[in-house]
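Chemist: Handing you this structure, nothing more for now.
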Amino acid sequence: MSNAPIRSLVGALILIGLGPTPVESQVRTSGKSVLDAHRIVATSCVEPRSFRRIHIKGGRKFAREGEVFGFEPRVIRAEPCEEVEIVLENTDSVRHALMLPGLSPMFLLEFSGPQTRRFRFVTPDENITLDFHCHVPGHEKMGMFGQLIVGRGGEAVAAVPAEGTATANRLYEGVGIVIAIDSRRSQLVVDHEEIKGFMAAMIMGYKVAPASLLRGLEAGRRVRFTIDADKEVIVKIISSDE
Ligand SMILES: [Cu+2]
């Protein structure tokens, strides 16, 4: 019998049982999902095979429409079993944190800006996609989230082509309820469910092109839409009531 389940159980007990270091108090406050994530990612890489440095900026100026804060870039990539140095530039005066709860040990880099700090971790030796977010309360919902794609990534983003290499636009499907239509600005405000790999569930206004897609829509209508992630423009809308 493998001893992996025992090891992960011990890991969970250590996380719950020890005194309040900053990281462990973070684990407790964010609840079950973080512990679950720790079970998913083993400390499978004994000796890193490569190294890379990734620059990430975080702050108000990277917010997209409808958001308050943001990270740039929002999708980062690394190889399995690679040592990664994150260089985080917090361009705001407020505190931001970059947290990768799926890593073991968990990655957390938190400080007030404007300043830049760096931190290293080693990726697991597998193809997996790990979510990251700002751990300051509320900031994830305000736009500070993204993904680390290790190797070929997990299933959730298998269809997303590599950034910069794709000639085709990255298209995502979303579903939601129409909140408002702003014909003057060719904008649709929609209360949408999570758009996997692109945007958390939220109420948000998106540009629509061509504007004629808005014709016949009204508030309260349930719609299925296609969004061009690079332009952040809705390019297709189907009313699900029809
Ligand atoms: Cu933040």
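Chemist: Looking for whichever is within 16 Å of the ligand (Cβ to nearest atom) and free of Cβ contacts under 8 Å to residues at least 12 places away in the same chain here; the options are P114, P137. Which one fits?
Modeler: After ruling out the rest, the residue left standing is P137.
Chemist: Just give me the residues in region 81-104 being crowded, with 19+ Cβ neighbours inside 10 Å and farther than 13 Å from K57 by Cα, in sequence order.
Modeler: Of everything in region 81-104, those that are crowded, with 19+ Cβ neighbours inside 10 Å and farther than 13 Å from K57 by Cα turn out to be C81, E82, V84, M99, L100, P101, G102, L103, S104.
Chemist: Out of F107, F69, report the one residue that is within 12 Å of the ligand (Cβ to nearest atom) and surrounded by 20 or more Cβ atoms within 10 Å (Cβ to Cβ).
Modeler: It is F69.
Chemist: Could you look through region 72-104, keep only residues that are in a loop (DSSP other than H, G, I, E, B) and among the acidic types (D, E), and pick out the one that is farthest from the ligand (Cβ to nearest atom)?
Modeler: Ranking the candidates gives E79 first.
Chemist: Of the residues G146, G176, which single one is surrounded by 19 or more Cβ atoms within 10 Å (Cβ to Cβ), under 30 Å from G220 (Cβ atoms) and either modelled with pLDDT of 95 or more or more than 16 Å from the ligand (Cβ to nearest atom) (or both)? Lay out the reasoning, then the answer.
Modeler: On the way: G146 fails: under 30 Å from G220 (Cβ atoms).
Among G146, G176, only G176 is surrounded by 19 or more Cβ atoms within 10 Å (Cβ to Cβ), under 30 Å from G220 (Cβ atoms) and either modelled with pLDDT of 95 or more or more than 16 Å from the ligand (Cβ to nearest atom) (or both).
Chemist: Restricting the first residue to region 118-133 and requiring it to be closer than 27 Å to V68 by Cα, which pairs with a second residue that is among the small types (G, A, S) and surrounded by fewer than 20 Cβ atoms within 10 Å (Cβ to Cβ) meet a Cβ separation below 7 Å and a spacing of at least six or different chains?
Modeler: From region 118-133, the pairs are T129/G154; T129/A156.
Chemist: Within region 33-60, count every residue that is outside any strand (DSSP E or B) and modelled with pLDDT of 95 or more. Full working, then the answer.
Modeler: Here is the first cut: in region 33-60, the residues outside any strand (DSSP E or B) are 33-49, 60.
If we keep only those that are modelled with pLDDT of 95 or more too, we end up with 60.
Residues that pass the stated criteria total 1.
The values are calculated or read from the model by the stated rules, or taken from the named source; none is laboratory data. Just so it is clear, the structure is predicted and the values come from calculations on it, not from any experiment. Every residue, glycine among them, receives a Cβ derived from its backbone with ideal geometry; neighbour counts consider all protein chains shown.
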